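S.K.: Provided herewith is a single structure, encoded as structure tokens, for subsequent inquiry.
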Amino acid sequence: QLRRALEASAAEAEAEAERAKQAKREAERRDAQRASERRAADAKRDAEQRARDDKRAAEARARDEKKAADARMREEKRLADEKKRNEQKLADEKRRQAEQREAQRLRDEKAAQARREADERARMAKRPVAAPGPYDASQFLKYCIKFDKFYGTQEEYDSHFARWKERSKYIEEYNRGLAPGEAKLVLNAQADLSDEEVAELA
């Protein structure tokens, strides 16, 4: 009986030891499971944190890139506006210079015309004064001034003066034969021109 009791006690001890081992293994398994779950949770949190950090970094980069793009656009606009202003200033300056040149040209032409008129009057003043009458050089001078006539040579002056004189006489004789109230002929700007010169005006 003692032997059986010892054997039963030994069996019970082995069973208890086995249960203790199983309990230990179960505890280790649970600990391992909890550790795995903690690692998984930590990994998830780390991944989520990295995702948030990456998102913030991406948003920061996007903001920085937008700021840089806006700054570039502002600088390009400033440069374009400055170029436009400079081009406008240059165009205004060219126009001003052109206006000054044109004004100077007109002044020069006016001065040249005044000199020609003075020279013509001086030249005509040096000509011998014809006997007083309706067809003398003084009357022709008045005609030239009235119709802005200029002649380049003495020969040209003489030929135009002769035609003017001839036509002046013809007009005077023609008008003398008119009845009172009839329309009279008058000298016009073509009175000193040749037929060829009149044809060129047509």
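S.K.: Given the structure, is Y151 modelled with pLDDT of 90 or more, in contact with a helix residue (DSSP H, G or I) (Cβ under 6 Å, 6 or more places away or on another chain) and of a type in the set (S, T, Y)?
M.R.: So Y151 passes the test.
S.K.: Follow-up. Can you tell me which residue among E65, E76, E48 is assigned to a helix (DSSP H, G or I), of a type outside the set (G, A, S), open to solvent by less than 90 Å² (accessible area, probe 1.4 Å) and free of Cβ contacts under 8 Å to residues at least 60 places away in the same chain?
M.R.: Step by step, each of E65, E76, E48 is checked, and only E48 is assigned to a helix (DSSP H, G or I), of a type outside the set (G, A, S), open to solvent by less than 90 Å² (accessible area, probe 1.4 Å) and free of Cβ contacts under 8 Å to residues at least 60 places away in the same chain.
S.K.: Another question about this same structure. Might you check whether a residue that is at pLDDT 90 or above and part of a helix (DSSP H, G or I) occurs anywhere in the stretch 112-135?
M.R.: There is at least one residue in the stretch 112-135 that is at pLDDT 90 or above and part of a helix (DSSP H, G or I).
S.K.: Could I ask something else about it? Would you check which residues across the stretch 146-160 are part of a helix (DSSP H, G or I) and either farther than 13 Å from L187 by Cβ or over 60 Å from the mean Cα position of the chain (by Cα) (or both) and list them?
M.R.: Across the stretch 146-160, the qualifying residues are Q154, E155, E156, Y157, D158, S159.
The values are calculated or read from the model by the stated rules, or taken from the named source; none is laboratory data. Remember, predicted model here, so these are calculated numbers, not experimental data. Cβ atoms come from the backbone with ideal geometry, glycine included; neighbour counts cover every protein chain shown. Accessible surface areas use protein heavy atoms only, side chains included; no ligands, DNA or RNA. Shrake-Rupley method; radii C 1.70, N 1.55, O 1.52, S 1.80 Å.
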